[in-house]
1. So what J values fall out for the range 111-116 if you push phi through Karplus, 6.51 cos²θ - 1.76 cosθ + 1.60 with θ = phi - 60°, rounded to Hz, Gly and Pro as x?
2. Taking θ as phi - 60°, what are the ³J(HN,Hα) couplings along the range 43-53 by the Karplus curve (6.51, -1.76, 1.60), each to the nearest whole Hz, with x for Gly and Pro?
3. In µm²/s, what is D for the range 1-57 at 25 °C and 0.890 mPa s, where D = kT/(6 pi eta Rh) by Stokes-Einstein and Rh is the Kirkwood radius from Cα pairs?
4. Give me the Kirkwood hydrodynamic radius of the chain, using the inverse of the mean 1/r over all pairs of distinct Cα atoms, in Å to one decimal.
5. Could you tell me the relative contact order of the chain? Use alpha-carbon pairs under 8 Å, at least six residues apart, and round to a whole percent.
6. Kindly flag which residue pairs out of LYS49/LYS100; LYS44/LYS100; LYS49/LYS104; LYS54/LYS100; LYS61/LYS134; LYS39/LYS100 have an alpha-carbon separation exceeding 32 Å in this structure.
7. Taking θ = phi - 60°, what integer Hz values does the Karplus form 6.51 cos²θ - 1.76 cosθ + 1.60 yield along the range 85-99, in sequence order, with x for Gly and Pro?
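Throughout, read-outs are computed from the coordinates displayed, never taken from laboratory work. Note that the structure is a prediction, hence the values are computed from the model and not measured.
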Amino acid sequence: MTFKELIRTAIYNEMDDVTSFGEEAETFGGDPRVGEEMKALFGKLADEKRERLKELGKIFKEGTGFRQRAAAPARSLEAALRTHVTRSELTVRVYAGLLKELNKPEFKEAVAAMLLREREETLAGVRRLQAALKGS
């Protein structure tokens, strides 16, 4: 991907995540298997993704144009988790690509922190929920 495509993909993924994490936390929060844990994690991740959008806007000196939109949630909790794993894996690849392209140390540091949080919080958290759901 070109640098512009990496930026655009990063911003769009974060926007989609904010919307879908919020919607799905409400939709599947009552699931007796992992509902409470999922609702807490998805709420936390939606807030973090909002902050990341602000950081991305500062780094790339362009507005993200983010407006919370209504979106249809996934048909099932399992489908939602699969989608989030796939999107998170793409986001990790995009941030790794951005890290290679950036020259300014302060921007590299910010993107490296985003990459670390994506791997350790988002991806690991969603995979943990998937494992708990399969175990129940």
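1. Listing the rounded values in order: 5, 4, 5, 5, 4, 4 Hz.
2. Per-residue couplings from phi come out as x, 5, 5, 4, 5, 5, 5, 4, 5, 5, 4 Hz.
3. On the way: Rh = 12.0 Å.
Answer, rounded: 204 µm²/s.
4. On the way: mean 1/r = 0.0656 Å⁻¹.
One over the average 1/r among Cα pairs gives 15.2 Å for the chain.
5. 31 percent
6. Numbers: LYS49/LYS100 22 Å; LYS44/LYS100 28 Å; LYS49/LYS104 23 Å; LYS54/LYS100 21 Å; LYS61/LYS134 43 Å; LYS39/LYS100 34 Å.
Pairs exceeding the cut-off: LYS61/LYS134; LYS39/LYS100.
7. 5, 4, 5, 5, 4, 5, 4, 4, 5, 5, 5, 5, x, 4, 4
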